[in-house]
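None of the figures in this text is laboratory data; all of them are computed from the coordinates on show. Quantities reported herein were computed from a predicted structural model and do not represent experimental measurements. Counting neighbours? That spans all protein chains shown, and the Cβs are built from the backbone with ideal geometry, glycine included.
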Amino acid sequence: MSKYSAIPPAERLPEWLRRPIGNASDLERVQGLVKQNRLHTICEEGRCPNRGECYASGTATFLLGGSICTRSCAFCQVEKGQAPMPVDAGEAVRVAEAVEAMGLRYVVLTAVARDDLDDHGAGLFTSTMAAIRQRNPLVAIEVLTPDFWGGVTDQEQALAAQRQRLATVLAAEPVCFNHNLETVERLQGEVRRGATYRRSLGLLETARTLAPRIPSKSGLMLGLGETRDEVIRAMQDLRRVDCQRLTLGQYLRPSLAHIPVARYWTPEEFAELGEVARELGFDKVSSGPLVRSSYHAAD
């Protein structure tokens, strides 16, 4: 049983976080295709509140590597486990078929952390990008990756391995490289188990070095106990590694087994932080209670 299970929700959702799920026909059509092709989307696995809107606009985020993640982040709805299923060799083709059937123009590829694989899942991204482009080379593909860290204990070897995995993905030329910082530095240990603040910043910085023409992007969840000053400090840290795009959204507790919400930031506070982000030099900013990593990604 999770240590959070005994912590009840602090309050009902504020009015600004309640929204209709979207067009039922769009949801049913996409959910049917995903189920038929034995695929996973973070839209469904993470119960994203925007999935109806995104499906209707021709955008979806596919979750590669199966449905079991080797990390155990306290905020995430995706199932956790140290023994994921073997890699599905046909997954890339089925994703490409679903993209074609759905008529998608912009696709975001993310993945569960696969610390059990030698390449930590880098090949999942490249094979899926190739399969999509073989069917329709005009589809724009953004990647949202894990940190590709681990496998060796020596620090220098670990950095070299991470760099190689990242280079593999960037060589496939996605239109945007995304890796989420998720929360402020003080809360990383509790929220992002297995990942670190500095390691994620380093990954984003390396991405800019390896592929300066590919825009970099990151995101923060608010409502986990961070202060306004800590959020601004995290945004400043992202700009120091030349991260160019930013998403800010409200954390919503998926279940009683997950870390509770400390507070709900208001739409006005999100708007103000969005302005601060633009002043810091981010060229694209999405900031609002219901914003998620892939929200309006095609814009």
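Among the residues examined, LEU273 does not qualify as within 30 Å of ALA167 (Cβ to Cβ), in contact (Cβ under 8 Å) with a residue 12 or more places away in the chain, outside any loop (DSSP other than H, G, I, E, B) and in contact with a helix residue (DSSP H, G or I) (Cβ under 9 Å, 6 or more places away or on another chain). Screening the candidates PRO260, PRO212 for the property of being out of contact with any Leu (no Cβ under 8 Å at 6 or more places or on another chain) and more than 30 Å from ALA171 (Cβ to Cβ) yields one hit, PRO260.
Table: residues versus (1) of a type outside the set (Ser, Thr, Tyr); (2) surrounded by 19 or more Cβ atoms within 10 Å (Cβ to Cβ); (3) closer than 21 Å to SER216 by Cα.
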| position | (1), (2), (3) |
| --- | --- |
| ALA89 | yes, no, no |
| ALA96 | yes, yes, no |
| GLU100 | yes, no, no |
| GLY103 | yes, no, no |
| ALA111 | yes, yes, yes |
| PHE125 | yes, yes, yes |
| GLU142 | yes, yes, yes |
| ALA158 | yes, no, no |
| THR168 | no, no, yes |
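Residues are listed down the side, and each one gets a yes or a no for (1) charged (D, E, K, R); (2) surrounded by fewer than 23 Cβ atoms within 10 Å (Cβ to Cβ); (3) over 26 Å from VAL175 (Cβ atoms):
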residue	(1), (2), (3)
LEU201	no, yes, no
LYS217	yes, no, no
MET235	no, no, no
VAL241	no, yes, no
GLY288	no, yes, no
SER293	no, no, no
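Inclusion of LEU252 among residues that are within 20 Å of the chain's Cα centre (by Cα) and under 22 Å from LYS284 (Cβ atoms) is not warranted. Being of a type outside the set (S, T, N, Q) and either closer than 20 Å to ARG192 by Cα or under 16 Å from the mean Cα position of the chain (by Cα) (or both) is the requirement here; does GLU275 meet it? Here the answer is no, as GLU275 does not meet what is asked.
Filtered by the rule that a residue be touching a residue at least 40 places away in the same chain (Cβ under 8 Å), touching a helix residue (DSSP H, G or I) at 6+ places or on another chain (Cβ under 6 Å) and assigned to a loop (DSSP other than H, G, I, E, B), segment 148-183 gives PHE148, TRP149, ALA172, LEU181, THR183.
Filtering segment 214-230 to residues that are under 14 Å from TYR251 (Cα atoms) and not in a loop (DSSP other than H, G, I, E, B) leaves GLY219, LEU220, MET221, LEU222.
Among the criteria (1) over 28 Å from ARG105 (Cβ atoms); (2) assigned to a helix (DSSP H, G or I); (3) in contact (Cβ under 8 Å) with a residue 12 or more places away in the chain, the one THR209 does not fulfil is (3). If you take the residues in segment 244-258 that are in a loop (DSSP other than H, G, I, E, B) and either touching an Asp or Glu at 6+ places or on another chain (Cβ under 7 Å) or basic (Lys, Arg) (or both), which one is farthest from LEU222 (Cα to Cα)? The qualifying residue farthest from LEU222 (Cα to Cα) is GLN244. Scan segment 94-147 for residues that are within 12 Å of VAL169 (Cβ to Cβ), of a type in the set (Val, Ile, Thr) and part of a helix (DSSP H, G or I) and the total you get is 2. Residues of segment 84-107 that are touching a strand residue (DSSP E or B) at 6+ places or on another chain (Cβ under 8 Å), touching a residue at least 24 places away in the same chain (Cβ under 8 Å) and either of a type in the set (D, E, K, R) or within 30 Å of GLY189 (Cα to Cα) (or both): PRO84, GLU91, ARG105.
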